[in-house]
Amino acid sequence: MEDSIVFAYLIPDSLRSNHALDSIRTNSLYKILSGPSDHLKKSAAEQRGLLRNSRSPWVIAIVLGLLVFAGLLNAFFGNDIQSILQSFYNRQAISQTDKEGGLINSWAFVGLFILFSLSSGMVLYQFTQYYNLAYSLGGFMLFISFSAIIIFLIAFKFILLKFIGFIFQIDGLVSEYISVLNLTYFTMAFILLSIAVCFSLLANRFIPLLLNFSLALTALIFLWQYLRNSMNIISDFRFHKFYLFVYLCALEICPVLIIIKALNI
């Protein structure tokens, strides 16, 4: 008898009603799930949602790795990093040893140069992901490509400056200017690392504010460093200001415009 009653609930029969299904059909929740009424079809609550883009886990791993790398640099070369950061707002920090290229030792230079290149590559990669730009490479390889391109361009720039100094016999002036460039790039390394961290953790609706702030801060740092130290160099070495204008357009402004054009931003 119990089996017969159970089968009456589980197996539908055309000659008798299914009590389980009848109880479900009378439930208000079943009516909502099975098919909305006319007033619910017009409701905004049933609009299709937006796809949420997930960020690659390896980006967080690279950013954490850069933070650890920056901490190791600070642990082993704290005095050099402190001198670099002080030189941004304290002109006295650029001493005579700085003018001779001896403000930081070779290992600190290599570490900060790598930190700047990787941080710049990560920020460029995050920009391309935000703007949904497609390239032949993608993911981790695109990040490595950006970093390698930055390393090559800066190394080529330093070699070209040394060649100019050798041709025109102004090695001392060129060495001082390269020191200024090093201080600028190494200061920007920590700024770009902070931008990469914010880019990885902030919601998409805050990214435009981060972009505007990053561009304004980067422009301010470059203008402050170049104008302050370039005026110091010009005051010691007299030459026509047109040469300075041509140099800034050719080796400072033009590469940035080429990168922006290449990224289609």
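How many of the residues making up the range 111-141 are more than 16 Å from Ser200 (Cβ to Cβ) and hydrophobic (A, V, I, L, M, F, W, C)?
9
When the range 220-246 is examined, which residues are found to be at pLDDT 75 or above, open to solvent by 50 Å² or more (accessible area, probe 1.4 Å) and aliphatic (A, V, I, L, M)?
Selection gives Leu220, Leu223, Val246.
To keep it simple, each residue is scored yes or no on (1) out of contact with any Gly (no Cβ under 9 Å at 6 or more places or on another chain); (2) part of a helix (DSSP H, G or I); (3) modelled with pLDDT under 80.
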{"site": "Ile178", "(1), (2), (3)": "no, yes, no"}
{"site": "Tyr185", "(1), (2), (3)": "yes, yes, no"}
{"site": "Ser194", "(1), (2), (3)": "yes, yes, no"}
{"site": "Pro208", "(1), (2), (3)": "yes, yes, no"}
{"site": "Leu248", "(1), (2), (3)": "yes, yes, yes"}
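Taking Lys157 as the residue in question, decide whether it is of a type in the set (Lys, Arg) and touching a residue at least 24 places away in the same chain (Cβ under 8 Å).
Yes: the conditions hold for Lys157.
Answer yes or no: is there a residue in the range 78-99 that is open to solvent by 30 Å² or more (accessible area, probe 1.4 Å), modelled with pLDDT of 80 or more and of a type outside the set (S, T, N, Q).
Looking through the range 78-99, none of the residues is open to solvent by 30 Å² or more (accessible area, probe 1.4 Å), modelled with pLDDT of 80 or more and of a type outside the set (S, T, N, Q).
Just checking, which of Ser106, Ser147, Ser119, Ser136 is within 23 Å of Leu257 (Cβ to Cβ) and open to solvent by 10 Å² or more (accessible area, probe 1.4 Å)?
Being within 23 Å of Leu257 (Cβ to Cβ) and open to solvent by 10 Å² or more (accessible area, probe 1.4 Å) holds for just one of Ser106, Ser147, Ser119, Ser136, which is Ser136.
Determine whether the range 163-171 contains at least one residue that is assigned to a helix (DSSP H, G or I), open to solvent by 30 Å² or more (accessible area, probe 1.4 Å) and touching a residue at least 24 places away in the same chain (Cβ under 8 Å).
No, every residue in the range 163-171 fails to be assigned to a helix (DSSP H, G or I), open to solvent by 30 Å² or more (accessible area, probe 1.4 Å) and touching a residue at least 24 places away in the same chain (Cβ under 8 Å).
The values are calculated or read from the model by the stated rules, or taken from the named source; none is laboratory data. Here the structure is a predicted model, which is why all the values come from computation and not from measurement. Don't worry about glycine lacking a Cβ; one is built from the backbone with ideal geometry, like all the others, and counts go over all protein chains shown. Surface areas here come from the heavy atoms of the whole protein model, side chains and all, with no ligands, DNA or RNA. Shrake-Rupley method; radii C 1.70, N 1.55, O 1.52, S 1.80 Å.
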